Amino acid sequence: MSANRTTPTGAVADQRPVALREFIRRFPSTPRGARTARCAAVRQLHDWGVPFGSEMCDTAAVIVAELAANAVTHGRVPSRSFELRLGISVHSLWIEVSDTRSERRPPAPGDVPVPDPLAESGRGLFLVETLADRWCVLKRNAVGKTVRAELDLRR
């Protein structure tokens with residue numbers, strides 16, 4: 001895997017952090033699948049001791065929602081699902097959303113344009129870049145891409 005490394009919020013290594021706990025699940029590439037992914041992530045974080053309504057939980061929920069929506073909107077391949085992977089390590093919570101569309105890559109960290117305030121869409125990666133401590137786009141081994149965002153536990 002290769003990561004985009006230039007980012008004002010810090011670089012993400014090619015290897016994911018060693019997880020103390022991990023959650024992996026596939027969802028249909030539909031708007032309902034994206035909503036279900038966000039709800040599943042919030043429930044999983046709560047089960048791991050990250051309380052509902054906490055800053056960490058709410059921030060992670062926004063990131064999952066935006067990455068899942070992007071996977072559905074820009075990474076959708078008919079009859080293919082997207083994958084949500086959450087992990088918690090000693091120092092960070094990481095969120096990965098993978099889709100099966102290799103040719104449509106998002107802008108690199110640091111290259112995300114500021115959205116038009118009157119536009120109805122186009123804020124997803126801007127929010128991810130603003131909220132995450134680090135994020136990157138990774139190539140998948142077979143096909144597609146993974147967008148990973150990390151949140152430091154001690155913020």
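The values are calculated or read from the model by the stated rules, or taken from the named source; none is laboratory data. Because the structure is predicted, anything quoted here is derived from the model rather than measured. Reconstructed Cβ throughout: ideal geometry from the backbone, glycine too, with neighbour counts over all protein chains shown.
Annotations for the structure displayed:
- Within the range 68-89, the set of residues being part of a helix (DSSP H, G or I) and out of contact with any Phe, Trp or Tyr (no Cβ under 9 Å at 6 or more places or on another chain) comprises 69, 70, 73, 74.
- In the set 113, 109, only one residue is part of a loop (DSSP other than H, G, I, E, B), at negative phi, buried (at least 18 other Cβ atoms within 10 Å of the Cβ) and touching a residue at least 12 places away in the same chain (Cβ under 8 Å); that residue is 109.
- Hey, residue 78 modelled with pLDDT of 95 or more and farther than 21 Å from residue 138 by Cβ or not: no
- Residues in the range 68-91 that are small (Gly, Ala, Ser), touching a residue at least 60 places away in the same chain (Cβ under 8 Å) and touching a Lys or Arg at 6+ places or on another chain (Cβ under 8 Å) were compared, and the one that is nearest to residue 25 (Cα to Cα) is 87.
- Single unsatisfied condition, residue 143 versus (1) surrounded by 15 or more Cβ atoms within 10 Å (Cβ to Cβ); (2) within 14 Å of residue 97 (Cα to Cα): (1)
- Flag for residue 83 being more than 9 Å from the chain's Cα centre (by Cα) and surrounded by 14 or more Cβ atoms within 10 Å (Cβ to Cβ): yes
- Checking each residue of the range 119-134 against the condition of being more than 16 Å from the chain's Cα centre (by Cα) and farther than 25 Å from residue 77 by Cβ gives at least one match.
- Some residue of the range 41-54 being under 14 Å from the mean Cα position of the chain (by Cα), modelled with pLDDT of 95 or more and either exposed (fewer than 15 other Cβ atoms within 10 Å of the Cβ) or not in a helix (DSSP H, G or I) (or both): no
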